[in-house]
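A short write-up of the structure that comes next.
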Amino acid sequence: MSDDLTLFDLPAPQPSPAASRSDRGRAGYRYARSVTAEVTVQRIPLLLDTAVQAFDDGTMIDIGEVDADDEAPDTREQIGSDPAAALGWLLDPTDGMWPLLETGSATVREVDIDTSEVSPARYQVRWTVTIQLRDVVAFRRVATDACPAEDIAARAEIAESLAAAWQRAAPPFAPLHRIPGITWSPVEAIVAHVPAR
């Protein structure tokens with residue numbers, strides 16, 4: 001008896017097409033944009049000093065007593081000595097998103113920052129902003145206003161894709177522009193629907 005069953009093999013499943021409706025965005029739904037960049041700290045003292053200055057200038061909220069036996073470094077000490085902590089302190093993932101927030105087209109629901117050392121003075125920085133979409137038309141209007149009138153292809157993409165609209169309305173790597181003493185290169189910026197829990 002032959003082991004050759006190729007006559008009865010099922011055809012390979014076709015990949016399912018991407019759901020275009022969810023790509024367009026829906027009011028009330030949550031979406032997350034995860035951005036990753038490779039960062040090289042070229043002037044470590046400048047980065048650390050800027051982070052400490054930002055800490056000193058910031059508003060502090062007392063959340064209770066601190067355990068006197070806790071030997072972990074305090075926040076100020078950590079950002080003044082650790083470039084990864086300084087990067088995390090100075091990074092504002094919502095930088096560039098204010099036009100979207102001011103129109104009421106979206107509200108920020110969650111922000112997450114992760115900084116990991118790749119090698120001395122080189123870091124991978126990843127941040128995620130989760131929004132709840134409130135007004136799709138207003139969201140796209142902010143994106144279209146940021147797009148040159150003659151760029152017909154980009155405008156068409158904004159109309160079809162929430163990801164394209166978000167990337168145009170709020171440049172994904174804007175949070176890195178104000179951090180001194182670094183150079184950076186983009187890795188990726190991904191927008192995805194966050195299913196309800």
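Every number here is computed from the coordinates shown, using simple stated rules; none is lab data. Predicted, not measured: the structure shown is a model, and the values here were computed from it. When we count neighbours, we look across all protein chains shown, and the Cβ atoms used for this are built from the backbone with ideal geometry, even at glycine.
Under a point spin-label approximation (7 Å from Cα along Cα-to-Cβ), what is the GLU77-GLN53 distance to one decimal in nm?
2.4
Short version: ³J(HN,Hα) in whole Hz for each residue of the stretch 124-136, in order, from phi by Karplus 6.51 cos²θ - 1.76 cosθ + 1.60 (θ = phi - 60°), x for Gly and Pro, what are they?
Each residue's phi maps through the Karplus curve to give 9, 10, 10, 9, 10, 10, 9, 10, 10, 6, 9, 9, 5 Hz.
Using the Karplus equation 6.51 cos²θ - 1.76 cosθ + 1.60 (θ = phi - 60°), what ³J(HN,Hα) coupling, rounded to whole Hz, does each residue of the stretch 107-121 give in order, writing x for Gly and Pro?
10, 7, 9, 7, 9, 9, 10, 9, 10, 10, 7, 8, 7, x, 6
Calculate the spin-label point distance for ARG197 paired with ARG122, positioning each point 7 Å from the Cα along the beta-carbon direction, and give it in nanometres.
Here the modelled spin labels are 3.6 nm apart.
From a point 7 Å beyond the Cα of ILE113 in the direction of its Cβ, which residues of the stretch 174-197 have a backbone N at a distance under 15 Å?
Label zone hits: 174-182.
Suppose R0 equals 35 Å; then what is the FRET efficiency for VAL187 and ARG26 from their Cβ-Cβ distance, rounded to the nearest 0.05?
For R0 = 35 Å, the calculated efficiency reads 0.80.
Please work out the FRET efficiency for the pair ALA149 and GLN42, using the Cβ-Cβ distance as r and a Förster radius of 41 Å; give the result to the nearest 0.05.
Taking R0 as 41 Å, the efficiency between ALA149 and GLN42 is 0.60.
Taking 7 Å along the Cα-to-C-beta vector as the label spot, tell me the THR94-GLN132 distance in nanometres, rounded to one decimal.
1.4
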